[in-house]
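These notes are about the structure you will find just below.
Every read-out reported here was derived from the displayed coordinates using simple, explicitly stated rules and does not represent laboratory data. The model shown is predicted, which means the values in this text are computed figures rather than measured ones. Cβ placement follows ideal geometry from the backbone for every residue including glycine, while neighbour counts extend to all protein chains displayed.
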Amino acid sequence: MHVSHIMKKNPIRNMLKMRVAHIASEVDPFSKTGGLASVLGSLPRAQQDLGIDTIIITPYYEKLIDTATYTIDRVGGVEKIEVEPGVFEKVYYRKGLLGTEKVPVYFIENKKYFGQHKKYYGADNDNARFLFFNIATLFLLKKINFTPTIIHCHDWHAGMIPFLLKTRYKKDPFWDKTATLFTIHNLSFQLGHDWFTIPPKGIDDGHSKLPLFANTKKIERLNFAKRAILYADAINAVSETYREEILKKPFGEDLDQLLKSKKNILFGIVNGIDYDDFNPLTDPGLVRHYSSKSVRLKKYNKKALQMRYGLFVDVEIPLICTTSRICEQKGFKLIFEIIRDVLQRGVQFLIMGDGDNQTVRSFQELQKEFPGQVAYTKFNQEEETLLYAGAEIFLLPSRFEPCGINQMIALRYGCIPVVHHIGGLADTIEDYDPQTRTGNGFSFDRYNATDLLIAIIRALENFKHKRAWRDLCIFGLSEANSWRLPAQKYVDLYLVTIQLKKQNHQERIRKSKLLRNTPHT
Ligand code: GLC
């Protein structure tokens, strides 16, 4: 459902002073494994610009956050919070600031849950860790007296909050005016463990009372995403197409029926990117700045890129790059099936990213086999944009992609995406037609290696037509994928969410009155 459609029916544009608390497990630049962190690093800032009182709450990963670079001070002393009747946990709250907009970012510090691991996820007790995070978040909001109009919960890590507010804390007047929005960034993640490994008998029904922390087995089977979908006032996916896809198998990841029953409160909003952070005219990571008026200067970045990564320095050789988490979802299986075929055509391949060790090793071997033609490098945020600035083609053939951010960044640097037509990739990349000169990239419909190969070949063929290719770059560079529009759409969705909460509340009152007035027989 489109937010704008609902908004026409509910023209309440009165934002007054809206207060929004974003709850998420990652916030760029403090903590990051993927696109979720990028969204949290930029959407709240765009909302602050719109005049919304915005804060973020996230865990304090003691062993991972770079405290030498970022100032994150403790606020107040140690607190003891009651995480379940009679059980207390120590917690410290910390505060940092995000961007020039200075959005307050609060951190939840607790040795046991977030001070021991050198990785963000993958602990045996991830559910307990994030359940604690959700409870501590609600205590924090009360402590700092921030009564949110909206608690915006991102992915499963924040998914227990809507449930807690409608059950354990439902009588607390502090939350009377707070509505919850659950954003699905990736439905394949529903709890701290792979959802499909939970035995059928252990599957969380989504409604039952929370088990005690001591009952680790039951805690670790709780499905946070399911509970969020059941209890949030509204839900959205990070693109309109993904919103449709999760209503069906296989992308519904076993929650498709549940989502179908929530269709009326399920929306889709495509992410944006920060146009100041990603700007080829000012980016300190480039050797030569350029804009849509000077794309010819891209070649200096290409030379620098080729030199830096040991590729043959020749601006005429087409250069394909990919930068993403190295995992099955991102389509690396297909890339491996076709890469030799592509290399035979004399192109260069540059891969940046961390992830699956086996895949990384295969790229390293390929680099040895094709010196000067293939380069693999670990993920390096500072150097990432030079890839887009230097390469001609950006590859993202994801098997599924809720939104995808890198294809938008690539466009911003005039690097043309080749993508699988799915999820957010379908919403942001339109297949190029050389006849009509419409489209901004190359895409393929069916997820198989041959179709990917054809899309790459089409891109390479078009690259030979220098004039048309330059126009394609200019078109990409001029596209408007900033947060301006999505940030406004989220505000509209917040207003809808508030309305939905009111409706639910009235409905509950009506039902309880009905029950009270029903004569007993
Ligand atoms: C997840 C999704 C990705 C999306 C990002 C931000 O990482 O896999 O598609 O862009 O979240 O919403």
Listed residues 156, 70, 344: farthest to the positive end of the dipole of the chain (Cβ charges) | 156
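Antiparallel DSSP bridges in the chain: what percent, to the nearest 5?
Values: 16 of 62 bridges.
Just about 25 percent of them are antiparallel.
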Computed label-point distance, nm, for sites residue 365 and residue 382 using a 7 Å Cα→Cβ extension | 3.3 nm
List the residues of segment 307-334 whose backbone N lies under 20 Å from a point placed 7 Å from the Cα of residue 479 along the Cα-to-Cβ direction.
-> 319-325, 330-331
The Cα extents of segment 83-197 along the principal axes, largest first and rounded to whole Å, are 38, 34, 33
Once you charge only the Cβ atoms, +1 for Lys and Arg and -1 for Asp and Glu, what is the size of the charge dipole of segment 295-477 about its Cα centre, to the nearest 20 debye?
-> 580 debye
Set 293/466; 226/263; 32/90; 80/111; 143/177; 142/171 screened for pairs whose C-alpha atoms are more than 20 Å apart = 32/90
What helices in the chain pass both tests, a Cα length along the helix axis of 24 Å or more and a mean Kyte hydropathy of -1.0 or higher, using whole DSSP H runs?
-> 126-143, 484-517
Under the classification rounded if a/c is under 1.5, otherwise prolate if a/b is larger than b/c and oblate if not, where does segment 377-459 fall, given a ≥ b ≥ c as square roots of the Cα gyration tensor eigenvalues?
-> prolate
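Near residue 398, within a Cβ-to-Cβ distance under 14 Å, what is the net charge of the other residues, with Lys and Arg +1 and Asp and Glu -1?
Numbers: positive: 325, 330, 333, 399, 446; negative: 245, 328, 401, 427, 445, 451.
The answer is -1.
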If you bin the C-alpha pair distances of the chain every 10 Å from 0, what whole percents do you get?
-> 4, 18, 28, 25, 16, 7, 2, 0, 0
Pair residue 88, residue 75: separation of 7 Å Cα→Cβ label points (nm) | 2.2 nm
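Quick check: net charge around residue 212, other residues with Cβ under 14 Å of its Cβ, Lys/Arg +1 and Asp/Glu -1? It would help to have the intermediate numbers written out before the result.
Values: positive: 168, 209, 217, 218, 221; negative: 82, 84, 89, 220.
Within the 14 Å Cβ shell, the charges total +1.
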Could you please rank 307, 352, placing first whichever residue has the fewest other Cβ atoms within 10 Å of its Cβ?
-> 307, 352
Qualifying aspartates and glutamates (Cα of each under 12 Å from Cα of residue 333; at least 8 residues distant if same chain) = 356
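Could you tell me which of rounded, prolate or oblate describes segment 291-423, using a ≥ b ≥ c as the square roots of the eigenvalues of the alpha-carbon gyration tensor, with rounded for a/c under 1.5 and, failing that, prolate when a/b is larger than b/c and oblate otherwise? Present the calculation step by step, with values, prior to reporting the outcome.
Numbers: a/c = 1.61, a/b = 1.12, b/c = 1.44.
Note, shape of segment 291-423 comes out oblate.
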Just grab the label-to-label distance for residue 275 and residue 145, each label 7 Å out from Cα along the Cβ direction, in nm (one decimal).
-> 3.9 nm
Of 353, 241, 389, which is farthest on the positive side of the dipole of the chain, counting Cα position, with +1 on Lys and Arg Cβ, -1 on Asp and Glu Cβ, and the Cα centre as origin?
-> 241
Sort out for me the Cα centre separation of segment 324-355 from segment 111-132, rounded to whole Å.
-> 33 Å
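What does the charge count near residue 154 come to, summing +1 for each Lys or Arg and -1 for each Asp or Glu among other residues with Cβ under 13 Å from its Cβ? Could you put the intermediate results ahead of the total?
Working: positive: none; negative: 26, 28, 155.
With Lys, Arg at +1 and Asp, Glu at -1, the neighbours total -3.
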Considering only segment 295-477, percent of DSSP beta bridges that pair antiparallel, nearest 5 = 5 percent
Zone residues, segment 401-445, relative to residue 461, backbone N less than 16 Å from point 7 Å out along Cα-to-Cβ = 431-438, 441-445
Full-extension gain in nm, residue 123 to residue 257, via 0.36 nm per residue minus C-alpha separation | 45.3 nm
Just report the Cα centroid separation between segment 386-413 and segment 217-259, whole Å.
-> 26 Å
